[in-house]
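The values are calculated or read from the model by the stated rules, or taken from the named source; none is laboratory data. Note that this is a predicted model, so its numbers are computed, not measured. Cβ placement follows ideal geometry from the backbone for every residue including glycine, while neighbour counts extend to all protein chains displayed. Please note that ligands, DNA and RNA were not included when accessible areas were found on the heavy atoms of the full protein model with its side chains. Shrake-Rupley method; radii C 1.70, N 1.55, O 1.52, S 1.80 Å.
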Amino acid sequence: MSLDLDFVRSQFPAFAEPSLEGQAFFENAGGSYTCQAVIDRLTRFYTQRKVQPYAPYEASRLGGAEMDEARQRLAAMMGVETDELSFGPSTTQNTYVLSQAFRTFVGQGEAIIVTNQDHEANTGPWRRLADQGIEIREWQIDPQTGHLDLADLANLLDEKVRLVCFPHCSNVVGEINPVAEITAMAHASGAFVCVDGVSYAAHGLPNVGDLGPDIYLFSAYKTYGPHQGVMVVRRALAEMLPNQAHYFNGDVGYKRFTPAGPDHAQVAACAGIADYIDMLCDHHGGPKNDPAKRAAFVHDLMRAHEVNLLQPLLDAVKDRNNVRLIGPSDAAVRAPTVALQLNGPVLPVAAKLAEMGIMAGGGDFYAVRALQALGVDPEAGVLRLSFTHYTSESEVEKLISALDMML
């Protein structure tokens with residue numbers, strides 16, 4: 001079954017917004033459009049339930065119920081328990097809080113593995129733990145392709161490694177890393193696993209329970225929702241790590257790593273992400289009842305549509321003499337996040353594309369270490385062209401045509 005794109009786009013007000021008419025959006029890796037279900041819930045919360053939640057009066061009770069609903073439904077779709085999923089102000093902030101928990105959990109002389117493929121949010125906080133006497137080992141990408149080789153990871157793993165941190169896919173390399181296989185390797189060596197899923201989750205929610213990592217993080221604002229970070233910490237690890245919240249919240253799983261009070265309205269609005277996934281599943285005749293199977297069905301619909309659109313774009317840029325495609329040229333093994341190294345600064349090119357109705361970005365995208373490892377000057381940056389399942393074939397054709405004129 002193919003994705004009903006007309007139905008999909010009807011769920012996003014941006015596609016009916018006059019000020020955006022005629023513009024094709026190719027900076028989705030920086031933040032997606034918001035679906036109507038999220039907007040409706042956010043509006044309802046601010047107009048009807050903007051009170052302190054969990055009190056006995058009705059507005060408060062309903063507000064708390066919506067916050068609980070968001071956590072319950074997203075956790076079920078991702079194959080984890082409700083108390084294993086929590087919200088924070090951003091994935092960057094969530095990762096920093098987790099690194100503080102590991103600061104005392106990991107002893108001097110023990111090791112954490114990070115990559116140089118990551119966005120800085122999933123490498124910088126862990127690297128700072130070197131100040132505590134924790135050894136930081138870098139799993140390095142291939143300087144030509146950006147690929148992370150599992151043989152290199154195997155050489156880094158030993159009994160000293162307590163944690164392995166890597167991205168589900170990089171926000172500039174785009175290649176989808178084999179999370180289940182990496183997790184199995186790390187677990188076999190006695191290490192925990194932290195996966196940055198920010199650049200992947202927008203292309204279909206993963207089943208974290210099946211993949212197996214101990215920590216999985218992504219951003220709701222890149223997944224059709226509000227500006228929240230979503231964090232899964234599996235219970236077995238969460239109970240070992242020191243509490244980072246108020247002492248009296250330490251025995252509540254979803255509060256344990258959120259030292260600040262949650263944004264009530266945005267947390268409640270995240271249930272709209274689940275509404276949207278359920279609508280897509282029902283509209284396309286997907287399975288009933290099982291939230292994880294329903295989310296997996298929608299994931300596969302999204303990915304199939306994206307792969308079909310992505311391959312022509314990769315084919316159009318991969319062999320150009322004046323352009324270097326970062327990452328693989330096979331759409332089946334990467335997300336639709338395409339970074340291009342040009343001959344010179346990229347911002348003027350992005351500005352020209354904007355004049356042609358193409359919304360795209362240029363820069364380092366907080367992946368400075370990855371660009372440096374690939375031999376790209378972060379000051380010059382890369383041109384990044386990213387889309388998701390609501391992008392149309394005609395928009396990709398428009399992009400390719402604009403690139404032909406520019407490059």
| remark: Considering residues that are free of Cβ contacts under 8 Å to residues at least 12 places away in the same chain and open to solvent by 10 Å² or more (accessible area, probe 1.4 Å), the number found within the range 121-134 is 2
| task | Assess whether residue 254 counts as being open to solvent by 30 Å² or more (accessible area, probe 1.4 Å) and in contact with a Leu (Cβ under 7 Å, 6 or more places away or on another chain). | result | yes
| residue 118 fails exactly one of the following numbered conditions: (1) of a type in the set (Asp, Glu); (2) out of contact with any strand residue (DSSP E or B) (no Cβ under 6 Å at 6 or more places or on another chain); (3) in contact (Cβ under 8 Å) with a residue 40 or more places away in the chain. What is the number of that condition? | (2)
| said: Restricting to the range 250-272, name every residue that is touching a strand residue (DSSP E or B) at 6+ places or on another chain (Cβ under 9 Å), in a helix (DSSP H, G or I) and within 14 Å of residue 220 (Cα to Cα). | reply: 266, 267
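Results for (1) in a helix (DSSP H, G or I); (2) not acidic (Asp, Glu), shown as yes or no for each residue.
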{"position": "164", "(1), (2)": "no, yes"}
{"position": "180", "(1), (2)": "yes, yes"}
{"position": "185", "(1), (2)": "yes, yes"}
{"position": "206", "(1), (2)": "no, yes"}
{"position": "210", "(1), (2)": "yes, no"}
| field | Selected residue [of a type in the set (Phe, Trp, Tyr) and part of a helix (DSSP H, G or I)] from 216, 221 | value | 221
| request: Being assigned by the TED database to the domain that holds residue 244 and at pLDDT 95 or above narrows it down to one of 29, 70, so name that one. | output: 70
| remark: Taking the range 272-285 and keeping only residues that are over 16 Å from residue 12 (Cα atoms) and either touching a residue at least 24 places away in the same chain (Cβ under 8 Å) or open to solvent by 10 Å² or more (accessible area, probe 1.4 Å) (or both), one is left with 282, 284, 285
| query | Of all residues in the range 22-55, how many are in a helix (DSSP H, G or I), among the small types (Gly, Ala, Ser) and surrounded by fewer than 19 Cβ atoms within 10 Å (Cβ to Cβ)? | reply | 1
| Before we move on, is residue 356 modelled with pLDDT under 95 and surrounded by fewer than 22 Cβ atoms within 10 Å (Cβ to Cβ)? | no
| message | Can you say whether residue 329 is surrounded by 20 or more Cβ atoms within 10 Å (Cβ to Cβ) and either among the small types (Gly, Ala, Ser) or at pLDDT below 95 (or both), as far as the supplied structure shows? | response | no
| query | Mind checking which residues of the range 89-98 are touching a Pro at 6+ places or on another chain (Cβ under 9 Å), within 16 Å of residue 195 (Cβ to Cβ) and either surrounded by 22 or more Cβ atoms within 10 Å (Cβ to Cβ) or among the aromatic types (Phe, Trp, Tyr) (or both)? | reply | 95, 98
| task | Answer yes or no: is there a residue in the range 210-227 that is surrounded by fewer than 18 Cβ atoms within 10 Å (Cβ to Cβ) and more than 27 Å from residue 103 (Cβ to Cβ). | result | yes
| request: Please state which of the following conditions residue 5 fails to meet, knowing it meets all the rest: (1) closer than 27 Å to residue 91 by Cα; (2) open to solvent by less than 40 Å² (accessible area, probe 1.4 Å); (3) within 27 Å of the chain's Cα centre (by Cα). | output: (1)
| field | Selection from the range 105-124 of residues that are of a type outside the set (Asp, Glu) and farther than 15 Å from residue 192 by Cβ | value | 108, 109, 115, 116, 117, 119, 121, 123, 124
| remark: Matching residues in the range 364-407 (crowded, with 17+ Cβ neighbours inside 10 Å and either at pLDDT below 95 or small (Gly, Ala, Ser) (or both)) number 8
| Wholly within the range 281-396, which helices (runs of 4 or more DSSP H) include no fewer than the required count, namely at least 1 residues that are under 22 Å from the mean Cα position of the chain (by Cα)? | 291-317, 368-373
